[in-house]
Every structure is written in structure tokens, then in C-alpha cells.
Amino acid sequence: MDKASIIGILIGFACLGFVFFEVSHGHLDMFFSMEGVLMVFGGSVSVTFMAMPLENMLQVPKYVKSFLFCKTKNPIETITIISAMAEKARRDGILSLESEIAKINDPFLAAGLKMAVDGGSPEQIEATARLELLAMGERHKAGKKFFDLIKLYGPGYGLVGTLVGQVGMFGQLASADIGALGHALALAVVATMYGAIIANAICGPIGDKLALRSSGEILSREMMLQGILSIQAGDNPRSTMDKMVAFVAQSQRSKIKVAA
């Protein structure tokens, strides 16, 4: 579970809830409008179905899961694993890694090491890994695109809801029915509020977090690739570690155990 995401959600809901309660004096139902919900939320979802293939829409639960849970392996853990592999390969030969590959729970790292053990050339290993990274990047873009679409069109549908509410309000002027005028005006204001909230408090932050997740995972995979190629080349374990440490922030390098 990503603690930062949960903290952000809790703070956001707490602030909105407090403000809504104070403004409404406890009558929170004044912020609910079924017409606004249908217009903004329903309209935003319709846009995503029009803009994206159905197979991508079926992946939405996975996109939300990626936002809430960080599956990128800790770089220090990755370096520790690959450094141990480099030492074993240096000491017992690269074929000795075959029994260790099954213990690795990262498919990308396991597949790369298997190609190295099977005698694949550095060019072949790198080309295959690059294709995997390219495909992964495209899959990640689809997740971010979903939330970007709602962020883009949600406020637009909020504006449409506002215009509809204003038309309804103007249509009730002749009757001078204060209740009808108030209902139409509430729809106009609430629809804009829904659009702003869905764009700025929900979909915008989720899309940005998914983009960071994607870049972090690609960087982690790049680090793994450099470690695999170094092992395949028979480099000294210290040299293998140095190549991977280059991907780690300076503040974290002190935590890495230096290979023997």
C-alpha cells in the first residue's frame, strides 16, 4: 500500500468534508444533485469509452490498483540480489545461476538472467529487454490517458451542467417560483463544483502518480538490464554494482552494502 496516496486521500476528504459541513451547517444533502452527478460523472465516463478501446477500459481497476499499491522493487533490494548473482557467477560460472533464477519473483529480471545463462548475446538480451520496456511504457500510457481524459473533460461537462442549470433558471423566471429557481441555480453551481473536484482532487493526482510510477518502474528495469549485461560480460561484481548504483539517488547510496 502506498502510504503517500492514502495520506493524500485522507487529507483531501477531511478538508472537503470539514468545509462542506461548516458551509452547510450539517445539511450536506445540499451539495448533492443527481442531475449534476449524471451530467459530470456520467458524461466523463462516456468520453473515456468513446476515446479508448474497450480492452483498456476493462483495465481501469488495475490502474486504480497501481495508484494505491507500488509494485516497483526497491532499488536497494534489486542491487543486493544482482550483486549476489554477480558474485556467484564470478565464482562458480554463469551456469550456476540457473538454480537461482526460479527464486526470483521479478519476471523481467528472471527472464533476462535466463537469456544470459542460456548463452544469449548481449545484443539479443538488450534488444529483447528494450522491446519489453517499450511495451510496458505503452501500457502505462493507457492508464494515465484514462485519468487525463476525465481531468480534461470533467470540468467541461461541469460547465455544460452549469449552462443547463442557467437555462432552467431563466425558464422559471416568469413563474417567480423561488424554489424552482433555487433548484436550477443549485444544479448550475454544483455541476461546476463536481467538475472541478473530479479533475483537480481525483483524476489529476492519480494520473500524475501513475506517470511517476511508470518512470520509476522503467528506471528500475533499466538498472536490472545493466546488471544482467554486466553479469553476462563477466565483469567484476564491484563493477556490476557500480553500474547499478549510478541509478540510485545519492541519499540512498550509503544504505547499499558494498560488494566484496
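Being crowded, with 20+ Cβ neighbours inside 10 Å and either at pLDDT below 90 or not in a helix (DSSP H, G or I) (or both) is a description that does not apply to residue 160.
Take the residues in segment 173-217 that are of a type in the set (Ser, Thr, Tyr) and assigned to a helix (DSSP H, G or I); name whichever of them is nearest to residue 41 (Cα to Cα). Checking each candidate, the answer is 194. Flag: residue 127 matches the condition of being over 30 Å from residue 7 (Cβ atoms) and without any contact (Cβ under 8 Å) to a residue 12 or more places away in the chain. The requirement of being of a type outside the set (D, E, K, R) and in contact (Cβ under 8 Å) with a residue 24 or more places away in the chain is not satisfied by residue 178. Given the structure, is residue 98 more than 19 Å from the chain's Cα centre (by Cα), buried (at least 17 other Cβ atoms within 10 Å of the Cβ) and not in a loop (DSSP other than H, G, I, E, B)? So residue 98 does not fit the description; no.
Residue by residue, here is whether (1) in contact with a Phe, Trp or Tyr (Cβ under 7 Å, 6 or more places away or on another chain); (2) surrounded by 11 or more Cβ atoms within 10 Å (Cβ to Cβ); (3) within 27 Å of residue 153 (Cα to Cα) holds:
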| position | (1), (2), (3) |
| --- | --- |
| 1 | yes, no, no |
| 16 | no, yes, yes |
| 20 | yes, yes, yes |
| 24 | yes, yes, no |
| 54 | no, no, yes |
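I'd like to verify a number: residues in segment 74-86 that are under 14 Å from residue 113 (Cβ atoms) and surrounded by 15 or more Cβ atoms within 10 Å (Cβ to Cβ), how many? Please lay out each step first, then the result.
Going through segment 74-86, the residues under 14 Å from residue 113 (Cβ atoms) turn out to be 78, 81-86.
If we keep only those that are surrounded by 15 or more Cβ atoms within 10 Å (Cβ to Cβ) as well, we get 78, 81-83, 85-86.
Going through segment 74-86 one residue at a time, the tally reaches 6.
Candidates are the residues of segment 234-260 that are assigned to a loop (DSSP other than H, G, I, E, B) and surrounded by 12 or more Cβ atoms within 10 Å (Cβ to Cβ); the one that is modelled with the lowest pLDDT is 259.
The values are calculated or read from the model by the stated rules, or taken from the named source; none is laboratory data. As the structure is a computational prediction, the values presented were derived from the model and not from experiment. Ideal geometry is used to build each Cβ from the backbone, glycine not excepted, and the neighbour counts take in all protein chains shown.
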